[in-house]
Amino acid sequence: MKTLWLNLGSLALMVMGCASSGGGSRATDADYDDVAQALSSVVVTGDHGGETGSFYDATQLALGTPALGFAAGASGRFQGKHAGLTYEYTTMCKDGGGNAMSSCDLTTAAATVTVSWSGNLVTPNLTATATHQAELRLSALQSNTVSVSGDGNFEFDTHFQSAWRQVQRDYHLGYTVAYQDVQVRRVPLQVVGGTVSYTIDAERMVSSANKHVDASFRIASNLEFATDGSAQLTLDGTHQYAINLVSGAVAKR
């Protein structure tokens with residue numbers, strides 16, 4: 001019997017060791033705050049970029065009216081910059097009859113826009129290296145409110161000063177994205193509805209210098225846009241934050 005208990009104890013220790021070596025941890029309240037702050041920095045960036053900026057760019061490109069500073073290439077390709085990040089788009093447009101168009105213009109009824117952006121993002125309180133790819137499917141382009149759906153992914157390494165504590169933090173975030181009927185008003189350009197869902201695999205780093213992982217965890221999040229142009233971010237159904245879609249500032253709710 002003593003041998004059996006010893007064996008069971010050894011097995012329990014092995015299981016605990018395996019779980020620990022997998023790097024799985026529970027996010028702390030501070031982690032939720034940090035992830036919300038990091039995520040808000042790519043929802044809205046300076047110079048009309050970030051997630052919301054991609055929606056605006058895609059809408060304008062689908063209607064043949066690219067934003068100022070975007071260069072057109074062959075086969076519906078466009079490239080430009082927002083806040084130091086390089087944005088590349090490829091457009092495929094259809095008319096009201098569902099027929100492919102040789103180029104997008106003001107008569108476009110629906111479009112598929114692939115987007116990628118990458119580079120170094122620098123703000124007063126945050127530096128980051130980001131890469132993002134997505135496919136956006138746009139419909140109702142002949143109305144004043146365009147519907148955007150699709151999916152994508154991010155890789156994001158960031159160092160920032162916490163908005164709530166006197167501490168600097170480093171994170172690696174990898175996440176998948178689902179865009180669900182995001183409503184983009186054309187005039188003036190503004191997101192006024194819909195949801196973006198993120199599944200985030202986060203690694204809290206000891207420091208940006210040695211890249212040692214202090215903790216890792218997964219967070220499910222939803223970003224909901226309201227008709228007044230505001231947005232609410234909810235992490236794991238329990239932690240809520242308001243994101244300013246003009247400045248990108250985040251506040252606890």
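The values are calculated or read from the model by the stated rules, or taken from the named source; none is laboratory data. Bear in mind that the values here come from a model prediction, so they are computed numbers and not experimental data. Glycine also receives a Cβ, built like all others from the backbone with ideal geometry; neighbour counts cover every protein chain displayed. The protein model used for the area step is the full one, side chains on, heavy atoms only, and it has no ligands, DNA or RNA in it. Shrake-Rupley method; radii C 1.70, N 1.55, O 1.52, S 1.80 Å.
Taken residue by residue, the range 59-82 has at least one member that is within 30 Å of His239 (Cα to Cα), at pLDDT below 95 and in contact with a His (Cβ under 7 Å, 6 or more places away or on another chain). Are any of the residues in the range 21-34 modelled with pLDDT under 50, open to solvent by less than 90 Å² (accessible area, probe 1.4 Å) and more than 19 Å from Glu224 (Cα to Cα)? The answer is yes; a qualifying residue exists. Of all the residues in the range 231-253, those that are assigned to a loop (DSSP other than H, G, I, E, B), at pLDDT below 95 and either surrounded by 12 or more Cβ atoms within 10 Å (Cβ to Cβ) or aliphatic (A, V, I, L, M) (or both) number 5.
Against the numbered list (1) outside any loop (DSSP other than H, G, I, E, B); (2) open to solvent by 30 Å² or more (accessible area, probe 1.4 Å), Asp228 comes up short only at (1). Would you confirm, using the coordinates I've provided, whether Glu155 is part of a strand (DSSP E or B), open to solvent by 50 Å² or more (accessible area, probe 1.4 Å), of a type in the set (D, E, K, R) and under 20 Å from Val44 (Cβ atoms)? Criteria met by Glu155. Sort through Leu189, Leu126 and tell me the only one that's open to solvent by less than 30 Å² (accessible area, probe 1.4 Å), in contact (Cβ under 8 Å) with a residue 12 or more places away in the chain and either touching a Pro at 6+ places or on another chain (Cβ under 6 Å) or of a type in the set (A, V, I, L, M, F, W, C) (or both). Answer to the selection: Leu126.
Report yes if some residue within the range 90-111 is β-branched (Val, Ile, Thr), within 30 Å of Glu203 (Cβ to Cβ) and part of a strand (DSSP E or B); otherwise report no. The answer is no, given that none of the residues of the range 90-111 is β-branched (Val, Ile, Thr), within 30 Å of Glu203 (Cβ to Cβ) and part of a strand (DSSP E or B). Exactly one residue out of Thr145, Thr176, Thr112, Thr199 is open to solvent by 10 Å² or more (accessible area, probe 1.4 Å) and over 26 Å from Ala242 (Cβ atoms): that is Thr112. Scanning the range 200-220 for residues that are at pLDDT 95 or above and β-branched (Val, Ile, Thr) gives Ile200, Ile219. Among the conditions (1) within 17 Å of Ala220 (Cβ to Cβ); (2) open to solvent by less than 30 Å² (accessible area, probe 1.4 Å), the only one that Gly194 does not satisfy is (1).
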